[in-house]
Amino acid sequence: MNFLPSIMLFDVRDWVVIITGSDIEIINPLADTLARSGAHVYVCQPFLSDNDVPGEGQCPGQTFINMEETSKASIANAVRIVETREKFINLLINVNSGDSVSHKRASWDSFFNRPGSHYTDPVSQQTNEVEDWDRVFGTNISSSYFIASAFGSLLRSGAENYGTGCVINISRPGKPLVVGGYTLPTLYGSRLGQPSVSDTALQQLNNLLATELNLPTQHRIRVNAIVLRQPVSRKLRAYQPPLPGIDG
């Protein structure tokens, strides 16, 4: 079977793309494909130390930043690094999967109080809500919310000045959550055909981000979600149409 080159499927030439997360099986080929298609990609993922971060010329079209997605200080530092180089970003892709590591995260209530913040409304309610999703979904889903909010000003600049601003949250369910001896569903649907708790959490995340990111200028930044239902293998899988619901 012959496959079209990625540049013929989507045009991301001269786009500024941010990819965050620690799932290298997803992030590395995704970043490579986007970079070869003409985008400049910032890969924000955790490394053991700054000395382990690949150099500028090691992967053409890609810049690596040492960022721990569960640390507000690390996220803020990554945003500052990108802000020194770029005036906008076109696409933010958050790749969050695996088990929740919420025990490593301090309260996010003061996250947006840093100098230069565009957020004046208290975020404690949203903070409590999205941190609860971690326990329900079984992944560090709340990081997607705070990372997107942190890059919000650059996303708005891309949308308002260049016509493109998009957030894509890629998630893979972690271990099933057991409550009262019963395992809650982590995949889409049930015998009654109802969305699972993981799908509900992602839908709430999308709605919250779409509302918050578009407050200054409505309907400019799109927010989408992709749920990976099957384990990722090293070999590329054939395309499977998304299930009904929120899959992108």
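With a point put 7 Å past each Cα toward its Cβ, work out how far Q203 is from S71 in nm, to one decimal.
Using points 7 Å along Cα→Cβ, the separation is 3.6 nm.
Could you list C44, C59 in order of exposure, starting from the residue whose Cβ has the fewest other Cβ atoms within 10 Å?
Least crowded to most crowded, the residues run C59, C44.
Once you place label points 7 Å from the Cα toward the Cβ at F47 and D11, how far apart are they in nm?
3.4 nm
Give me, ordered by chain and number, the residues 5 or more places off C44 or on other chains with an amide H under 5 Å from its own placed amide H.
I19, T20, G21, I65
A short reminder: the numbers here are calculations on the coordinates, not readings from a lab. This one's a predicted model, so the numbers in the text were calculated from it and none came from an experiment. Neighbour counts are summed over all protein chains in view; Cβ atoms, including those assigned to glycine, are modelled from backbone coordinates with ideal geometry.
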